[in-house]
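Please read the structure below before turning to the comments.
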Amino acid sequence: MDDKKTNMDSSFAPDPGGARTTQDAPCDQSPEKMISRQLTEQGRFAFSALCGVSLGQLFTGPENSVFREQYLQGLVRWLDLDESVMPVMGAFLSGLGFEGSDTFLSILQAEHLLSAGATPIIQDLVSFSVKDGQYDARARVLIRHVSCLLRVSPRQLEEFEETLGERLREAGEESEEESSRRLKRERGRKLRRYLLIGLATVGGGTVIGVTGGLAAPLVAAGASAVLGAGGAAVLGSATGIAIMASLFGAAGAGLTGYKMKKCVGAIEEFQFLPLNSGKHLHLTIAVTGWLCSGKYSSFQAPWCSLGECGEQYCLVWESRFLKDLGSAMTSLLDGLVSIVAQEALKYTVLSGILAALTWPASLLAAASVIDNPWCVCLNRSAEVGKHLAQVLRSRQQGKRPVSLIGFSLGARVIYYCLQELANDQGSEGVVEDVVLLGAPVDGSEKAWERMARVVAGKIVNGYCRGDWLLGFLYRSSAAQLSVAGLQPINIQDQRIINVDLSSVVKGHLDYMRQMDTILVAVGVPTKEVPGASFALPQPVTIQKGTDDSPYKTPNDQQVTETQISAEKAETKQILLCNY
């Protein structure tokens, strides 16, 4: 779709002033005056059809069929279209009508309401997607895709989501006096309002629940500017309180409110720390792979340049063992292996022969320094990943899209989290995008096909062909397994994006030391921080998985591999656009 979107009509302004559209909306806006219903009937049909075609392209698996049908049926009602259009929309969902996308875009372009740009209907699509208190990851992927087709920038979408989240959060705040009056009223009526904080299931299937409630019924004025008076009226009701608690997590605690009460199986430590402040309609969880002394002694340190894009957390897990591993890796590299030997070892890895007999005897003799902490962390990362899946499955974070990014053993945590989610039906709308960097996991097609089923958007595999340390640590099993952190994933799925980081990562420890540059290379938004370097020393290669879909354009079929230079890196945001 990357090349397809460049062929669409470019008359939609890239900066149509979406913020003004939101702020100037009258607070007494009624449902009949919702932006989408101000379109002509032809325009509403074209918008619904464009979403239907996109849903059919993006979510082809049978596991997504119910979502596709329910979402489009709800959108038809939201747009006040006659139910008689549903058979046609069903055909679009099945894959027909792709060639009509240009026509649908032209019809929307001709709408007077969209003369300044298509931002208003994208905002309306966001409002529709969250109205029931659940922002499905697949809905957000669809919105990003349609935004690209309509030339609405990712930044504008982010700003609107941020504004909407703030309005809803502010509307839920109350003073101490208001809180006291509300509690008296509830006691007087013998009412008790409990909202479950969805903590992970722990030993014996016991669910830990924390009672709580949203601070107060939402004040309608704040939300009406973005949802209209009708939607704001709902949010101001008891139903609305439950909806917003569902969306953001009970009492707004979200992931910050989660901490394991006791050891779970082999796990000693598991909790979340915020990387930024505020509430947002989507969030990112970053997972660190090991800990070192000095600058990188904390779980947050590698992620300091992660862009202010949504709500962000880092996972704190098994710090005692990760410190031991970091110390062992540093000792191995700094004290036992010379620079010359490391260069020679790169060629050993690049040769693709990773059997134990190919490694120098001196290195094998020193293996005891690192083998034990590595094996311990391998096992614990798998258990932590499964527990993370339980947390996400329980919706501790609220019913919002979650993106996951991790390096080394942190990537392994994410891998096992996704494999665990794939065991259950109904987990498809939780995870939006995934970035795995230097992942010590199986890179086989079968394993990644299974994992991809529960990811709505992109899966980025960042690898380094010359990462001899990863190859050495995996030497006992690498003869039987393809290691994702050493090579691209060969799979027929264009959502899988392989990024060769060999020009940035010279050794496994660089996944921590060069994270600022790596984030740029894989297309993750970054922010300026003192001392950070974002320049790519050389171009990196980005390769998409092959796809035998009949809906590819000729350009899609010809171009599966591109290079990204330092000059282009800042504008290449894999996770925000290019669907």
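Laboratory data are not the source of any read-out in this text; all were calculated from the coordinates shown. In this text the structure is predicted, and so the values were computed from the model without any measurement. Note that each Cβ is placed from the backbone with ideal geometry, even for glycine, and that neighbours are counted across all protein chains shown.
Please find the FRET efficiency linking A366 to L96, where r is the Cβ-Cβ separation and R0 is fixed at 60 Å, and quote it to the nearest 0.05.
0.45
Calculate, in nm to one decimal, what E159 and S297 gain on full extension: separation in residues at 0.36 nm each, minus their alpha carbon distance. Present the calculation step by step, with values, prior to reporting the outcome.
Numbers: separation 138, 0.36 × 138 = 49.68 nm, distance 3.32 nm.
Value of the extension gain: 46.4 nm.
Taking the Cβ of each residue in T60, T526, T517 as the centre, tally the other Cβ atoms inside 10 Å and list the residues starting with the fewest.
Numbers: T60 16, T526 22, T517 25.
Ranking T60, T526, T517 by Cβ neighbours within 10 Å, fewest first, gives T60, T526, T517.
Label S502 and T541 with points 7 Å out from Cα along Cα→Cβ: what is the distance between them in nm?
The two pseudo-label positions are separated by 0.6 nm.
If each of C375 and K446 carries a label point 7 Å out from its Cα toward its Cβ, how far apart are those two points in nm?
The two pseudo-label positions are separated by 2.5 nm.
What is the order of I497, I107, I285, fewest Cβ neighbours within 10 Å to most?
I107, I497, I285
Quick one: which residues, 5 or more positions from T526 or on another chain, have an amide H under 5 Å from its amide H? H modelled 1.01 Å from N in the peptide plane, none for Pro or chain starts.
When sequence neighbours closer than 5 places are left aside, the close amide H contacts are G307.
Measure up K386/K446; K446/K544; K131/K279; K386/K544 against 24 Å on the Cα-Cα distance and list the ones that go over.
K386/K544
So, in nm, how far is label A266 from label K323 when the simple model puts each one 7 Å beyond its Cα toward the Cβ?
For A266 paired with K323, the spin-label model returns 2.2 nm.
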